[in-house]
Each structure stands twice: as structure tokens, then as C-alpha cells.
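Encoded as C-alpha cells, the structure appears first; notes follow it.
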Amino acid sequence: SLTCAPPEQTFDEIVAAVAASRSSVSVATQLLVRLEFVERFGLPMQRRDHYRASPDIWTTMLKQDISSARELRELAGGGLQWMKGASRAETARLRTMREFHRFLEESLSPLLAKWERQRGSASARRSP
């Protein structure tokens with residue numbers, strides 16, 4: 001959780017905190033690690049893995065949204081190529097899909113750049 005205390009927890013601590021089955025927590029933590037929303041790490045002199053929210057979780061999520069928008073735009077473009085010769089009515093949804101995801105990609109990319117600039121400025125102000 002984003003508000004967990006302590007911020008780093010073992011698998012067993014997470015299971016107890018969320019009151020879910022070990023298998024459910026295992027599947028969820030594996031997915032979150034794979035998505036880079038959660039980090040798995042070890043501590044010296046401890047045999048158990050620990051987990052914590054990634055410090056760049058919001059940037060990671062935005063980058064993944066941009067990547068997904070690009071992939072879906074390209075998928076729609078490929079569908080339109082495959083349907084070449086079809087009527088405008090038959091390709092309307094694919095064209096809308098392509099336009100929407102182009103809009104998302106073009107809108108989110110500058111937002112990410114602005115966030116990263118702002119974050120860099122904020123980090124510079126905080127450092128001694």
C-alpha cells in the first residue's frame with residue numbers, strides 16, 4: 001500500500017496486513033513487481049525478500065500509458081491496412097480508435113516531460 005508502515009514489508013507482513021490468501025498476495029506482488037510498481041529487495045542478514053512501492057511509480061505508470069496508447073494506435077493502423085478497400089462505415093471504429101490513441105499519446109508525452117522537468121527542479125531545490 002502507498003500508506004503502509006513500515007514502507008518496506010516482508011511477504012508475510014503483507015499477507016497479514018491485507019488479510020488475503022498467500023496465493024492471492026503472491027500473484028498480486030508478482031504482477032506489481034513485473035509492472036515495476038513494487039520493488040522486491042533483500043536486506044543484509046535477512047533471508048526474506050522485502051517489498052516496497054517504487055519511488056517512481058507514477059512516472060512508470062504514465063510511461064506505460066503512453067506505450068499502451070502507441071501500441072493501440074499502431075494496432076488500429078494495422079487493422080485499417082488489413083481492411084483496405086472496406087467502406088468508411090466498416091472502418092469507423094478503427095479510425096476512431098487510432099485517432100483517440102494518437103490523441104492520448106500526443107497529450108501524455110508532453111505531460112510526462114513536464115513532470116520530469118518539474119521533478120528534476122524540485123530535487124535540485126531539496127538537495128544541499
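Couplings for the stretch 8-15, taken from phi via the Karplus curve 6.51 cos²θ - 1.76 cosθ + 1.60 with θ = phi - 60°, read 10, 9, 7, 4, 5, 5, 5, 4 Hz in order; Gly and Pro are left as x.
Residue-wise HN-Hα couplings along the stretch 89-103, as the Karplus relation 6.51 cos²θ - 1.76 cosθ + 1.60 with θ = phi - 60° gives them from phi, are 5, 6, 9, 4, 5, 5, 5, 5, 4, 4, 5, 4, 6, 5, 4 Hz; Gly and Pro carry x.
Per atom type, the chain shows carbon and sulfur on 57% of its accessible surface, probed at 1.4 Å. Here r is the Cβ-Cβ distance between Met83 and Ser109 and R0 is 25 Å; the resulting FRET efficiency, rounded to 0.05, is 0.35. Remark: the stretch 41-128 projects, on average over all directions, an area of 9.4 nm² (convex hull of Cα atoms). Enclosing the Cα atoms of the stretch 1-80 in their convex hull gives a volume equal to 120 cubic angstrom per residue.
Between the helical axis of 22-34 and the longest alpha-carbon principal axis of the chain there is an angle of about 60 degrees. Using the rule -39500 (n - 2.57) for each DSSP H run of four or more residues, divided by the residues of the chain, the 222 nm mean residue ellipticity is -23500 deg cm²/dmol. Counting only protein heavy atoms and a 1.4 Å probe, the chain has 74 square angstrom of accessible area per residue.
The values are calculated or read from the model by the stated rules, or taken from the named source; none is laboratory data. Bear in mind the structure is a predicted one, so any value in this text is a computation, not a measurement. Cβ atoms come from the backbone with ideal geometry, glycine included; neighbour counts cover every protein chain shown. Note: areas computed on protein heavy atoms with side chains; ligands, DNA, RNA excluded. Shrake-Rupley method; radii C 1.70, N 1.55, O 1.52, S 1.80 Å.
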